[in-house]
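Chemist: Have a look at this one.
The values are calculated or read from the model by the stated rules, or taken from the named source; none is laboratory data. This structure is a prediction, so every number in the text was calculated from the model and none was measured. Every residue, glycine as well, gets a Cβ built from its backbone with ideal geometry; the counts of neighbours run over all protein chains shown. The protein model used for the area step is the full one, side chains on, heavy atoms only, and it has no ligands, DNA or RNA in it. Shrake-Rupley method; radii C 1.70, N 1.55, O 1.52, S 1.80 Å.
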Amino acid sequence: MARPGHARNPRSPEEDEDEDPVDAMIGRTGCLAQHRALQECMAERQDWRHCQTQLRAFGECMERAQRPRQP
């Protein structure tokens with residue numbers, strides 16, 4: 001008997017990326033481009049200390065997104 005979850009259709013990496021809940025949550029803030037730039041830098045450099053520009057840009061974007069909107 002098959003275990004639950006093993007009968008699903010396999011997904012392509014693009015489909016998994018599109019449905020990533022973290023990407024969806026960050027996308028709603030408007031900071032997805034900054035998040036992806038930070039991820040790319042960290043993947044390339046393998047050390048967050050070399051990605052301070054991207055880290056700051058992402059942090060500032062998230063801070064703006066969390067501020068209460070003024071009418």
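Chemist: Any chance you could count how many residues in segment 28-51 are surrounded by fewer than 12 Cβ atoms within 10 Å (Cβ to Cβ) and either among the polar types (S, T, N, Q) or in a loop (DSSP other than H, G, I, E, B) (or both)?
Modeler: Going through segment 28-51 one residue at a time, the tally reaches 2.
Chemist: I would also like to ask the following. Specify the residue that is modelled with the highest pLDDT; the eligible residues are those in segment 1-55 that are within 12 Å of the chain's Cα centre (by Cα) and over 21 Å from residue 65 (Cα atoms).
Modeler: Result: 40.
Chemist: If the Cβ limit is 7 Å and pairs must be 6+ apart or interchain, which residue in segment 37-60 that is at negative phi pairs with which residue that is open to solvent by less than 60 Å² (accessible area, probe 1.4 Å) and not in a helix (DSSP H, G or I)?
Modeler: 58/31
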